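Have a look at the structure below before the remarks.
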Amino acid sequence: MSRLKSAVEPEDITGKQYHVGLKPGDIPKFVLLPGDPERVPRIAKYWEERREISKHREYVTYVGRYKGVPIASTSTGIGGPATAIAIEELLRVGATTFIRVGTTGALQDFIRLGDIIISTAAVRYDGTSKIYVDVEYPAVASYEVVMALIEAAESLGVPYHVGITASSDSFYIGQGRPGYKGYLPSRWRKVEKRLAELNVLNFEMEAATLFTLANIYGVRAGAACAAIANRATNEFIPDIGVEDAIRVANEAVRVLNEWDQVKKRRGSKYLSLKMIVNELGKG
Ligand code: URA
């Protein structure tokens, strides 16, 4: 990358963004966001067309088509700071709907390893969203994305749960796991139990930042994460359910695209169940 416009606008004269390496027009409006760069080609293998268009640090982007719908996937890396950079730059190049495809630690004993958790909102135990806005501001998912993820999980027969997620900037202490030599400040002892009592379903590290920024900027976001760990039953199987989360997120893009056309035909800003039933003949 050559000289950028300025220190406060880190993009080149074509609008190519410093971190994600994308310029306006490179991506469509739907973007799937795994944390792990290696998950991007795994997501794209379900598309009928796919092409890697950028690779810089933790940010890998593929574009293509899923069931005819233009789609992209960009990895965010782990945690709020890296995710906020991805969101900021993806917005500047045309993304308007984000779906996180992640892994998570379940907090409830009724959630089995491999089940998918669809987040309706996120407890803001991250640091990045607090830089953007006061803690009173809610980190909520888009109801359209939540509904589309549920529709996708139902149609694919994937076991899922819907509810509140807790997002932390810390995998160990912030999720109540002892640090090196057992270090665990009292604030975080048994945090997983306290959250479970409050009906929080799971711990992960990106949804709160994603949802907060999406609401501030007036775009849609949601999250579907595979429960690879369960803190209530103390089990952990890396990668279990990830393929299901990927399939659900891809299919949710097809569903959202269909619903966006319904809204367009109706000239409606908002989607209702009645509109879906009337226009598409299904609930
Ligand atoms: N990701 C997390 O943040 N926590 C877990 O327990 C598992 C995955």
Inset, instruction - Exactly one condition in (1) touching a strand residue (DSSP E or B) at 6+ places or on another chain (Cβ under 7 Å); (2) in a helix (DSSP H, G or I); (3) of a type in the set (A, V, I, L, M, F, W, C); (4) surrounded by fewer than 20 Cβ atoms within 10 Å (Cβ to Cβ) is not met by Ala86; state its number. - result: (4)
Legend entry - Residues located in the stretch 231-246, provided they are farther than 23 Å from Gly176 by Cα and either among the small types (Gly, Ala, Ser) or not in a helix (DSSP H, G or I) (or both): Gly241, Ala245
Legend entry - Sole residue being at positive phi and touching a residue at least 40 places away in the same chain (Cβ under 8 Å), chosen from Gly80, Gly102, Gly15: Gly15
Inset, instruction - Scan the stretch 217-270 residue by residue and report those that are out of contact with any strand residue (DSSP E or B) (no Cβ under 9 Å at 6 or more places or on another chain) and under 23 Å from Gly174 (Cβ atoms). - result: Asn234
Inset, instruction - Answer with yes or no whether Glu144 is surrounded by fewer than 24 Cβ atoms within 10 Å (Cβ to Cβ) and in contact with a Lys or Arg (Cβ under 8 Å, 6 or more places away or on another chain). - result: yes
Inset, instruction - Just need a number here: residues in the stretch 89-110 that are within 12 Å of the ligand (Cβ to nearest atom), open to solvent by less than 10 Å² (accessible area, probe 1.4 Å) and polar (S, T, N, Q). - result: 1
Legend entry - Members of the stretch 12-27 found to be open to solvent by 30 Å² or more (accessible area, probe 1.4 Å) and either within 22 Å of the chain's Cα centre (by Cα) or of a type outside the set (S, T, N, Q) (or both), listed by number: Ile13, Lys16, Tyr18, His19, Lys23, Pro24, Gly25, Asp26
Legend entry - Long-range neighbours under 6 Å by Cβ, at least six apart or interchain, first residue exposed (fewer than 14 other Cβ atoms within 10 Å of the Cβ) within the stretch 160-183, second outside any loop (DSSP other than H, G, I, E, B): Gly179/Ile173
Legend entry - Scan of the stretch 237-283 for residues that are of a type in the set (Phe, Trp, Tyr) and more than 16 Å from Gly222 (Cα to Cα), ordered by number: Tyr270
Inset, instruction - Please work out if Glu192 is within 29 Å of Glu136 (Cα to Cα), in contact (Cβ under 8 Å) with a residue 12 or more places away in the chain and either out of contact with any Ser or Thr (no Cβ under 7 Å at 6 or more places or on another chain) or of a type in the set (D, E, K, R) (or both). - result: yes
Inset, instruction - For the stretch 247-262, indicate whether the set of residues that are in a helix (DSSP H, G or I) and within 16 Å of the ligand (Cβ to nearest atom) is non-empty. - result: no
Inset, instruction - Considering only residues that are open to solvent by 20 Å² or more (accessible area, probe 1.4 Å) and in contact with a helix residue (DSSP H, G or I) (Cβ under 7 Å, 6 or more places away or on another chain), look in the stretch 44-65 and name the one that is nearest to Leu32 (Cα to Cα). - result: Tyr62
Inset, instruction - Sort out which residues of the stretch 212-270 are surrounded by 17 or more Cβ atoms within 10 Å (Cβ to Cβ) and at positive phi, and write them in order of number. - result: Gly241
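The values are calculated or read from the model by the stated rules, or taken from the named source; none is laboratory data. Quantities reported herein were computed from a predicted structural model and do not represent experimental measurements. Every residue, glycine as well, gets a Cβ built from its backbone with ideal geometry; the counts of neighbours run over all protein chains shown. Ligands, DNA and RNA are stripped out before the accessible areas are found, and what is left, the full protein with its side chains, is counted by its heavy atoms. Shrake-Rupley method; radii C 1.70, N 1.55, O 1.52, S 1.80 Å.
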